[in-house]
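The values are calculated or read from the model by the stated rules, or taken from the named source; none is laboratory data. In this text the structure is predicted, and so the values were computed from the model without any measurement. Don't worry about glycine lacking a Cβ; one is built from the backbone with ideal geometry, like all the others, and counts go over all protein chains shown.
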Amino acid sequence: MSPPNCPICQSTSFLFAEDRFRKFFRCEFCESVFVPLEYWPDAKAEKARYDEHQNDVNDAGYQLFVRPIIEAVTSHFTKHHRGLDYGAGPGPVVTKLLRDLDYSIDLYDPFYYNDKELLNFQYDYLVASEVVEHFHHPLENFKKMKNLLLPGGKLFIFTHLYEDSIPFQNWYYKNDLTHVIFFTQKSMQYLAERLSFSKIEIAKRLIILSHS
């Protein structure tokens, strides 16, 4: 059977690594690493894994971890703007910290805050913290997120990008079975260009995509 096409750019891929649970393929063009469909968890297994997360919104370490997102949002927007925590998960610490600053931000998550009405509006900013690595259909999901932005809006992504200096076989980030797509700087650049974002900024885990 031939290797699957990349879920981001549809280019050809090659077998990159495997462990006792899954195989990982790498795109020959955008260099993303992804897990093919046959290894995706079903919705029940995915929800069970998320339920295991110990994301206490009052945990000081967890708050410190997401501090770059809070600083980025507050440097670009005020409490008069409206935001959406997209894929907030069971411990929406970003929303808690922004609301503590009187920011207006709503919660959406298909498992925990599944208010689809919120997807009928547009926002000044979206936050996707530790979310995009779970996307089964990343190009489609990024299109949805862009469509939720008002002109001049920004998408704040927090994820661990893969780079060649990381020894993939020992990389902790690949061991979560709900992580099925690992982005690189090149794949993020591709998405920014493909979806006509006007600007992309990458600072370690934080990626900011600007809507023109």
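Here are the numbers for the structure shown:
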| quantity | calculated |
| --- | --- |
| Residues (among the charged types (D, E, K, R) and either more than 11 Å from Val180 (Cα to Cα) or out of contact with any strand residue (DSSP E or B) (no Cβ under 7 Å at 6 or more places or on another chain) (or both)) located in the stretch 16-48 | Glu18, Asp19, Arg20, Arg22, Arg26, Glu28, Glu31, Glu38, Asp42, Lys44, Glu46, Lys47 |
| In the stretch 146-190, residue farthest from Glu46 (Cα to Cα) [restricted to those that are in a helix (DSSP H, G or I) and of a type in the set (Phe, Trp, Tyr)] | Tyr190 |
| Residue in the stretch 76-97 that is nearest to the chain's Cα centre (by Cα), counting only those that are part of a helix (DSSP H, G or I) and under 15 Å from Leu155 (Cβ atoms) | Val94 |
| Positions within the stretch 96-147 being exposed (fewer than 14 other Cβ atoms within 10 Å of the Cβ) and at positive phi, in sequence order | Asp102 |
| Residue list for the stretch 150-165, restricted to those being surrounded by 14 or more Cβ atoms within 10 Å (Cβ to Cβ) and either polar (S, T, N, Q) or free of Cβ contacts under 8 Å to residues at least 12 places away in the same chain (or both) | Thr159 |
| Counted residues, the stretch 88-128 - those being at pLDDT below 95 and of a type in the set (Gly, Ala, Ser) | 3 |
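Rundown of residues vs (1) among the hydrophobic types (A, V, I, L, M, F, W, C); (2) in a strand (DSSP E or B); (3) in contact (Cβ under 8 Å) with a residue 40 or more places away in the chain, yes/no style:
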position: Phe24; (1), (2), (3): yes, yes, yes
position: Cys30; (1), (2), (3): yes, no, yes
position: Pro41; (1), (2), (3): no, no, yes
position: Tyr50; (1), (2), (3): no, no, yes
